[in-house]
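Report on the following structure.
The values are calculated or read from the model by the stated rules, or taken from the named source; none is laboratory data. Source: prediction; values computed, not measured. Using ideal geometry, Cβ is built from the backbone for each residue, glycine included, and neighbour counts are taken over all protein chains shown. Note: accessible area is taken over every heavy atom of the protein model, side chains too, but ligands, DNA and RNA are not part of it. Shrake-Rupley method; radii C 1.70, N 1.55, O 1.52, S 1.80 Å.
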Amino acid sequence: DAEITQSPRHKITETGRQVTLACHQTWNHNNMFWYRQDLGHGLRLIHYSYGVQDTNKGEVSDGYSVSRSNTEDLPLTLESAASSQTSVYFCASSESGGMGNSPLHFGNGTRLTVT
Amino acid sequence: KQEVTQIPAALSVPEGENLVLNCSFTDSAIYNLQWFRQDPGKGLTSLLLIQSSQREQTSGRLNASLDKSSGRSTLYIAASQPGDSATYLCAGGGYQKVTFGIGTKLQVIP
């Protein structure tokens with residue numbers, strides 16, 4: 001079955017360090033997304049990509065970057081981790097088309113703690 | 001700006017009860033409305049997707065309806081079971097953005 005795999009599942013890092021969260025999908029979807037989930041907030045979009053070499057900023061993109069070199073992977077990098085970036089991060093994918101046109105499929109998340 | 005609200009934030013029901021979860025949105029120009037289930041420590045699992053041209057979708061004991069004119073969607077769960085205990089989220093899909101509600105935490109008591 002197709003799936004989205006995120007790694008690591010848990011990560012503890014120190015303030016100021018660079019951190020990369022991996023996302024790999026076998027759906028062969030063009031659209032990939034990174035969200036963060038915090039208590040009291042709905043999922044918030046960090047970055048998204050509609051295909052290889054395409055990346056776009058979401059509503060909470062400051063301090064994060066992504067790159068898309070192939071269809072399967074969209075790694076999320078925290079350039080200099082801050083305590084405010086302690087959160088649970090979810091990767092998602094969907095078929096081609098506008099962001100809201102097709103079902104979203106999610107990975108199991110990465111819980112990141114910045115100390 | 002689309003806002004999605006889910007009420008109540010938490011719900012506890014005895015096993016076997018039929019229940020309705022509510023989702024309201026402010027912008028009727030949505031492409032679809034999607035319902036998800038989230039178990040503790042897990043990602044979101046898609047339950048039902050209602051396209052803007054549809055009124056409802058059904059899967060097993062689940063039925064979701066969409067009323068764009070009133071800005072509401074409901075998720076109906078029939079004959080609830082303890083295994084239905086989870087957080088249920090709705091998300092309104094626009095062309096360039098999907099907006100999530102915070103969710104309703106459901107507990108089904110045996």
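Below are the figures for this structure:
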read-out: Yes/no for A:Tyr50 being closer than 24 Å to B:Gly94 by Cβ and more than 10 Å from the chain's Cα centre (by Cα); value: yes
read-out: Some residue of segment A:69-78 being more than 14 Å from the chain's Cα centre (by Cα), away from chain B (no Cβ under 13 Å), at pLDDT below 95 and not in a strand (DSSP E or B); value: no
read-out: Residue count for segment B:66-85, restricted to those that are open to solvent by 10 Å² or more (accessible area, probe 1.4 Å) and closer than 27 Å to B:Tyr31 by Cβ; value: 7
read-out: Set A:Ala2, A:Ala22, A:Ala81, A:Ala92: member being surrounded by fewer than 14 Cβ atoms within 10 Å (Cβ to Cβ) and of a type in the set (A, V, I, L, M); value: A:Ala2
read-out: Residue match in segment B:44-54 (condition: at positive phi and over 12 Å from the mean Cα position of the chain (by Cα)); value: no
read-out: Residue check for B:Leu49: in contact with a strand residue (DSSP E or B) (Cβ under 8 Å, 6 or more places away or on another chain), surrounded by 14 or more Cβ atoms within 10 Å (Cβ to Cβ), more than 22 Å from B:Lys97 (Cα to Cα) and of a type in the set (A, V, I, L, M); value: no
read-out: Elements of type strands (runs of 3 or more DSSP E) in segment B:1-91, at least 1 residues being within 14 Å of chain A (Cβ to nearest Cβ) and among the basic types (Lys, Arg); value: B:32-38
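Each row is one residue, and each column tells you yes or no for (1) out of contact with any Pro (no Cβ under 8 Å at 6 or more places or on another chain); (2) closer than 27 Å to B:Lys105 by Cα; (3) of a type in the set (Gly, Ala, Ser); (4) surrounded by 14 or more Cβ atoms within 10 Å (Cβ to Cβ).
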site: A:Thr13; (1), (2), (3), (4): yes, no, no, yes
site: A:Asn28; (1), (2), (3), (4): yes, no, no, no
site: A:Val66; (1), (2), (3), (4): no, no, no, yes
site: A:Glu72; (1), (2), (3), (4): yes, no, no, yes
site: A:Thr86; (1), (2), (3), (4): yes, yes, no, yes
site: A:Leu104; (1), (2), (3), (4): yes, yes, no, yes
